[in-house]
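To start, the structure itself, in structure tokens.
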Amino acid sequence: MIENYLNKIICADCLQTMKEMPSNMELTKKQIERQDFVDNMIFDLLKTLNPTNKQLDWDIEMIAVIRDMISDYFVDIEICKEQEFYPSFDK
């Protein structure tokens, strides 16, 4: 019963089911702060670039798309490693 339940819970960041994720995986406080910083900066950028007066809602899916593009760019030009830019569990 619990196995079926864990197979249906998906981590929003790594897209693995809870069953696939090792139980000892935990981000440090510093890593979580880095994730929050990156996500908040991207959201601030979206609000700043918005040419309208319409309020933007927090949309982690859109933030993740932009975050992945920035991360890929930084990794491609060898500015940093993916884990340095946005710490997460290995996929």
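The table below lists the values:
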{"read-out": "Selection from segment 44-57 of residues that are outside any helix (DSSP H, G or I) and either surrounded by 11 or more Cβ atoms within 10 Å (Cβ to Cβ) or within 13 Å of the chain's Cα centre (by Cα) (or both)", "value": "Asn50, Leu56"}
{"read-out": "All positions within segment 72-91 that are surrounded by 10 or more Cβ atoms within 10 Å (Cβ to Cβ) and closer than 21 Å to Lys29 by Cβ", "value": "Cys80, Lys81, Glu82, Gln83, Glu84, Phe85, Tyr86, Pro87, Ser88, Phe89"}
{"read-out": "Search result, residues across segment 54-89 that are touching a residue at least 60 places away in the same chain (Cβ under 8 Å) and in contact with a helix residue (DSSP H, G or I) (Cβ under 8 Å, 6 or more places away or on another chain)", "value": "Pro87, Ser88"}
{"read-out": "Every pair of residues 6+ apart whose Cβ atoms lie under 7 Å, when the first sits in segment 27-43 and is in contact (Cβ under 8 Å) with a residue 12 or more places away in the chain and in a helix (DSSP H, G or I) while the second is surrounded by fewer than 14 Cβ atoms within 10 Å (Cβ to Cβ) and among the hydrophobic types (A, V, I, L, M, F, W, C)", "value": "Phe43/Trp58"}
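None of the figures in this text is laboratory data; all of them are computed from the coordinates on show. Bear in mind that the values here come from a model prediction, so they are computed numbers and not experimental data. Cβ sites come from the backbone with ideal geometry, for glycine too, and all protein chains shown count toward neighbours.
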